[in-house]
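Here the structure comes first, spelled out in structure tokens, and everything after it is commentary.
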Amino acid sequence: MSGSNLTRTALLFASLSLAGSAALAAPASPFNAMAGTWSGGGVLSTADGQQEQLRCRAAYDVAGRGEQLRLNLRCASASFNFDLASEVEYRGGEISGSWSEASRNASGTLSGRAAGDHVEAAARGDSFSAHLSLTTRGGRQTVSIQPQGGSITSVSLALSRR
């Protein structure tokens, strides 16, 4: 499995996690419910049938009147470690933003919609794209990432507020 593909998938997850906060709060300030630290884990599946357990920690910082969110995420598996940053905005049901992972020089954009407790989004980078789905209920988030091409076929995560 390529470290670059894992990093891109993780970056997409981070961007989606930011977007998921839009599903928790009132339309005027969707990110306030995400402020703070979260942790959890899940499974990364590869095209050759392998699976790796992931452990993640996230810190969400809300800015402005709650329409902007900055995420710092660190995840690790048996084979990989990565740190990423993401900034996402919420405007009237639409989400948009960017992500970057400095150690692998990867970056891209995120766009989609948030309604109720659910987010659907598309993430793109120079050589990577994925469909993202996130549901937030109370102090729990579930995330599904379906990358297009590459060695990673899916990522499923569950995070809890710490």
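Descriptive notes on the structure:
- Selection of the stretch 134-162 for residues being in contact with a helix residue (DSSP H, G or I) (Cβ under 8 Å, 6 or more places away or on another chain), assigned to a strand (DSSP E or B) and more than 17 Å from residue 53 (Cβ to Cβ) yields 134, 135, 136, 141, 147.
The rows are residues; the columns are (1) at pLDDT 80 or above; (2) not aromatic (Phe, Trp, Tyr).
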{"residue": "92", "(1), (2)": "yes, yes"}
{"residue": "99", "(1), (2)": "yes, no"}
{"residue": "103", "(1), (2)": "no, yes"}
{"residue": "111", "(1), (2)": "yes, yes"}
{"residue": "126", "(1), (2)": "yes, yes"}
{"residue": "133", "(1), (2)": "yes, yes"}
{"residue": "144", "(1), (2)": "yes, yes"}
{"residue": "148", "(1), (2)": "yes, yes"}
{"residue": "152", "(1), (2)": "yes, yes"}
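- All positions within the stretch 57-90 that are crowded, with 16+ Cβ neighbours inside 10 Å and among the polar types (S, T, N, Q): 68, 77, 86
- Flag if residue 36 is crowded, with 19+ Cβ neighbours inside 10 Å, modelled with pLDDT under 85 and at positive phi: no
- Residue under evaluation residue 158, criteria (1) modelled with pLDDT of 85 or more; (2) more than 24 Å from residue 37 (Cα to Cα); (3) touching a Lys or Arg at 6+ places or on another chain (Cβ under 7 Å), criterion not met: (2)
- Criterion applied to 76, 130, 122 was being of a type in the set (Gly, Ala, Ser) and under 22 Å from residue 38 (Cα atoms), and the one residue passing it is 76.
- Matching strands (runs of 3 or more DSSP E) fully within the stretch 72-132 where at least 2 residues are touching a Lys or Arg at 6+ places or on another chain (Cβ under 8 Å) and among the small types (Gly, Ala, Ser): 81-91, 106-115, 118-125
- The stretch 43-88, residues that are among the acidic types (Asp, Glu) and either modelled with pLDDT of 90 or more or touching a Phe, Trp or Tyr at 6+ places or on another chain (Cβ under 7 Å) (or both): 48, 52, 67, 87
The values are calculated or read from the model by the stated rules, or taken from the named source; none is laboratory data. Because the structure is a prediction, the values reported are computed rather than measured. A quick note on method: Cβ atoms are made from the backbone with ideal geometry, for glycine too, and the neighbour counts reach across all protein chains shown.
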